[in-house]
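The values are calculated or read from the model by the stated rules, or taken from the named source; none is laboratory data. Being a predicted model, the structure only gives us computed values, none of them experimental. We place every Cβ from the backbone using ideal geometry, glycine too, and count neighbours over all the protein chains shown.
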Amino acid sequence: MGEAENFARLMRELKERAGLSYGALARRLHTSTSTLHRYCNGDALPAEFAVVDRFARACGASPAEAVDLHRAWLLADARRRAGGEPAAAPALETQAVLEPEPEPEPVVVVVVAPEPEPAAAVGSRPGPGPLPRGPWYRRRAVVVAAAGVTAGAVAVALLAAAGPELRAPRTGAGAGAGPTAPSAPGSGPASAPVPTATGAPQPTAPGGGSAPGPVPPAASPPVTATATASAPHAAPVVPLKAAVRTHVWAAGCDHAYLAERGPGSVPPPPVEADAPAWASAQRAVHAGTQIVEVTLHGTGGGAVVLEDMEVRVAARRTPPAWNVYQMSQGCGGGLTPAVFAVNLDAPRPLARPVAGNDAGKALPAPSFPLRVSAAEPVVLRVEAVTTGCDCDWSLDLRWTGPSGSGTLRIDDGGRPLRTSAATGRPVYGYALEQGRWAR
């Protein structure tokens with residue numbers, strides 16, 4: 001049985017047990033009877049989980065049944081959006097690429113050069129794959145010949161000045177009375193890459209430069225010296241996959257966009273599922289409010305803890321003098337989901353938990369920390385508002401897991417999210433009876 005069929009089966013079982021008709025349920029879900037019938041037959045899938053949540057509540061589902069229905073919807077939605085790809089890697093609007101390329105670990109090379117012939121060098125070589133951080137971090141030493149050190153190894157071998165007792169190897173900066181080897185230029189640690197939910201990691205280094213290549217030993221009398229070359233630590237593999245929706249409408253119908261084109265050049269409003277393509281074609285910007293929905297799945301066997309979410313505003317501009325196009329003349333609904341509210345006009349915006357409401361029943365505000373695993377996905381909903389700026393912004397999710405800890409960037413396909421104020425701009429709504437935009 002496929003994911004969509006399994007989801008439809010769960011919906012039918014809840015409906016039949018509740019003894020409610022399609023018409024009665026459709027009124028509670030603020031949808032049509034035919035649409036609900038297609039959901040239960042597996043011919044269609046709800047665009048967002050809010051409809052599924054209201055359905056479960058209306059049918060009196062237990063908490064365990066609601067979780068099963070939520071999981072089935074996530075898998076079916078991922079399968080639909082991936083076009084038949086395995087559901088383990090859902091792709092909604094943007095797919096996370098979260099596994100940074102491994103970087104070599106710090107390497108210590110000891111070069112012994114006795115009189116007759118070069119001696120062996122003892123050092124640690126990077127093993128395959130990224131190195132996790134934490135108390136379980138270990139290095140394994142291997143013995144290699146000095147002549148076999150390749151040009152790709154990140155190491156520097158330096159020779160100290162000759163002395164009467166320099167035939168014994170030095171194992172630290174304080175061993176013996178001889179001079180210590182100078183540190184290699186550019187050997188300081190570089191800043192770790194920050195993975196994004198929609199793009200590859202972007203590592204940075206101090207000064208913007210790259211680490212120098214290997215330096216061969218200088219010619220000098222036979223001595224023994226120890227040199228340490230520091231390489232950037234490999235970032236831990238991010239144990240999360242994130243699917244990001246940046247065009248989420250309130251109640252599935254209420255939203256507004258800013259566009260430079262006149263009303264005669266703008267096509268009719270789309271449905272929510274087609275909003276990304278419509279907005280891209282019109283070069284439209286979210287007007288006043290933007291809702292972002294992030295679905296997170298664990299990728300390993302253990303659980304990951306989401307510790308906090310930070311808001312980063314990259315740029316503030318004067319809002320453009322464009323027209324406002326309302327996607328609906330008002331649709332309303334009995335559900336106000338709990339969200340993280342963000343005021344982009346604040347000097348330092350924060351993601352503030354806000355409780356929701358479902359037909360008079362309070363929905364608790366979301367709060368950190370949150371637990372995520374492969375079997376327990378988490379959906380975060382963020383609603384950003386501005387009345388004074390054209391803002392570029394993003395979100396940073398701080399996580400901790402078995403492989404270490406890090407930060408996951410949430411943005412719009414590798415670009416910042418963009419929301420602009422629309423105060424005082426001309427507002428147009430689409431008149432269906434006239435087939436055109438009108439004020």
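Observations on the structure shown:
- Among the residues of the stretch 356-367, the one identified as among the aliphatic types (A, V, I, L, M) and in contact with a Pro (Cβ under 6 Å, 6 or more places away or on another chain) is Ala365.
- Filter pass, Pro319 being of a type outside the set (Lys, Arg) and surrounded by 16 or more Cβ atoms within 10 Å (Cβ to Cβ): yes
- Positions within the stretch 37-84 being of a type in the set (D, E, K, R) and touching a strand residue (DSSP E or B) at 6+ places or on another chain (Cβ under 9 Å), in sequence order: Glu48, Asp53, Arg54, Arg57, Asp77, Arg81
- Residue check for Ala281: closer than 30 Å to Arg71 by Cα, in the same structural domain as Arg415 (by TED's automatic domain parsing), assigned to a helix (DSSP H, G or I) and modelled with pLDDT of 90 or more: no
- Yes/no for Arg418 being closer than 16 Å to Ala284 by Cβ and in the same structural domain as Ser373 (by TED's automatic domain parsing): yes
- Filter result for the condition that a residue is touching a Leu at 6+ places or on another chain (Cβ under 7 Å), buried (at least 21 other Cβ atoms within 10 Å of the Cβ) and β-branched (Val, Ile, Thr), over Val304, Val248: Val304
- Pairs are defined by a Cβ separation below 7 Å, a sequence spacing of at least 6 or placement on different chains, a first member in the stretch 342-355 that is more than 16 Å from Ala421 (Cα to Cα), and a second member that is part of a loop (DSSP other than H, G, I, E, B) and modelled with pLDDT under 95; the pairs so defined are Pro353/Ala365; Pro353/Pro366; Pro353/Ser367; Val354/Ala338; Val354/Ala365; Ala355/Ala338; Ala355/Pro364; Ala355/Ala365.
- Taken together, the residues in the stretch 406-439 that are under 26 Å from the mean Cα position of the chain (by Cα) and hydrophobic (A, V, I, L, M, F, W, C) amount to 4.
- Within the stretch 357-407, restricting attention to residues that are touching an Asp or Glu at 6+ places or on another chain (Cβ under 8 Å) and among the basic types (Lys, Arg), the residue that is farthest from Glu307 (Cα to Cα) is Arg381.
- Any hit, the stretch 262-278, residues being part of a strand (DSSP E or B) and crowded, with 20+ Cβ neighbours inside 10 Å: no
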